Amino acid sequence: MTSRSRSYLRFESLRAPQAVVAALLLTLGAVAADQFFVPTLYSSSPLWATTVCLLLVWRRSDTAADGILGERPLKLSRARISLFLAAHAGLLLTTVSLKTLLPGVTGGFTSAGWLLAASKVSVLAPTLLLFPLGVWRKLARVYTQEGFAALLALFTFLPTRWMEALWPWYSQILGRSVQAFAQLFVPALTYHPGLTPTLVGSELDVTILYSCSGINGIELFQLLFAFMVILEWNRLRKDRALAAYFAGLLAMLVANALRISLLIILGNHGFSTFVLGSHISAGWIFFSAAFLTYLLLVYRHLIIPEVPRLSDPLSFADIVQSPTAG
Amino acid sequence: MKKLPLFVALLTFLILTPCLASADDHEKHPKHHHINATEVSVLGFAAAIIVGGTGYLLLRRRKHA
């Protein structure tokens, strides 16, 4: 590896207190174990939130965290780890007993559904036992942005449940938007509302299923955007990144509407065989292109310009350039 | 932009995925390679992640060069 590529891939990390990293790793392991032993608790959101927090804390390059406990290094006590593990065991037992009391509970906007959702998020609660309250206050002050990013991941990452809940309403908006655009090129196109709206054309009829909702594009965007945020964390304009995240989600939904419109237009202009055989792969190509186009537009606005480093000190002759010398 | 050929190769792979996944009749063309919709989706997702990630890294390199 050349010095240039080493510099390009440099990781100004590992400044985080080991105890904080250990606490997050413990949380990740315990949450995964909870979900393994009681599948009712399964949700990828707590895993994503912990992973995002861990990676961002690890990537943090400044020394703000050095002064969390003054001269005393931050440590995890065995008593607190035991308490943490006991809390997880208690949580598992409670969930199993609730499952016996409330059989057949599934997700949804009902009391039982909310209880189930709360139990899935509650797997993160025992982490609070790993440090005293005073230390948590100091950690919250130092790692405010990392914590906020983790919360964002917890509630918005891979939003299958949100999309499933909104689908009856959103499918109508998507169907109508697609019809409005595609009708400019396929005048005979008619709209048939329903949970899965159908657009009937002269050569090809298209039914918009849940899998066409754009959820795949959103998931792709979230994973790639998270990758960028983790890599750029130390020079990222956090407020702009937050705005760009939500604008990007919206952009992927718009891109999805455009994708379906293009499939309908092509399918009704002699390419129905291609559309039927290749629409899934074509969708991924389209979503990749949409993400890269969006990133190309916003990237430079998200990054704090780099200040030139004086790693190679200037020579005296470089500094004192006499105008008469040349 | 030394990694451009790699990026182009990845894009080509992604674009060729529909050919791998052609929904031909298996009895008519038994020698054709067939994969189902779920496999196409997984393959497409993986390829899209690689293409998107590589595109971002190239952009990052260009901006910080």
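Quick note: the coordinates plus some simple rules give every number you see, no bench work behind them. On a predicted model such as this, the values are computed, not experimentally measured, just so you know. Methodologically, a virtual Cβ is constructed for each residue, glycine included, from the backbone with ideal geometry; neighbour enumeration extends over all protein chains shown.
Dipole magnitude for region A:118-264: computed about the Cα centre from +1 point charges on Lys and Arg Cβ and -1 point charges on Asp and Glu Cβ, it is near 760 debye. Considering only A:Tyr191, A:Phe287, A:Ala226, whose Cα is most displaced toward the positive end of the charge dipole of region A:160-302, charges sitting on Cβ of Lys, Arg (+1) and Asp, Glu (-1)? Farthest towards the positive end: A:Ala226.
The local environment of A:Thr95, defined by Cβ-Cβ distances under 12 Å, has a net charge of +1 under the rule Lys, Arg +1 and Asp, Glu -1. Pairs from the list A:Lys75/A:Lys120; A:Lys75/A:Lys138; A:Lys138/A:Lys238; A:Lys75/A:Lys238 with a Cα-Cα gap above 24 Å: A:Lys75/A:Lys120; A:Lys75/A:Lys238.
For region A:147-177 versus region A:72-97, the inter-centroid distance based on Cα atoms is 33 Å. As a proxy for reagent exposure, A:Cys53, A:Cys212 were ordered by neighbouring Cβ count within 10 angstrom, fewest first; the result is A:Cys212, A:Cys53. Take each residue in A:224-233, count the other chain C-beta atoms within 10 Å of its C-beta, and the mean is 3. Ordering B:Ser41, A:Ser82, A:Ser261 from the fewest to the most neighbouring beta carbons within 10 Å gives A:Ser82, B:Ser41, A:Ser261. Ranked by how many other Cβ atoms sit within 10 Å of their own Cβ, fewest first, the residues B:Thr38, A:Thr50 fall in the order B:Thr38, A:Thr50.
Qualifying GluC sites (Glu not before Pro) in region A:202-309, where qualification requires a DSSP coil assignment and no more than 11 other C-beta atoms within 10 Å, comprise A:Glu306.
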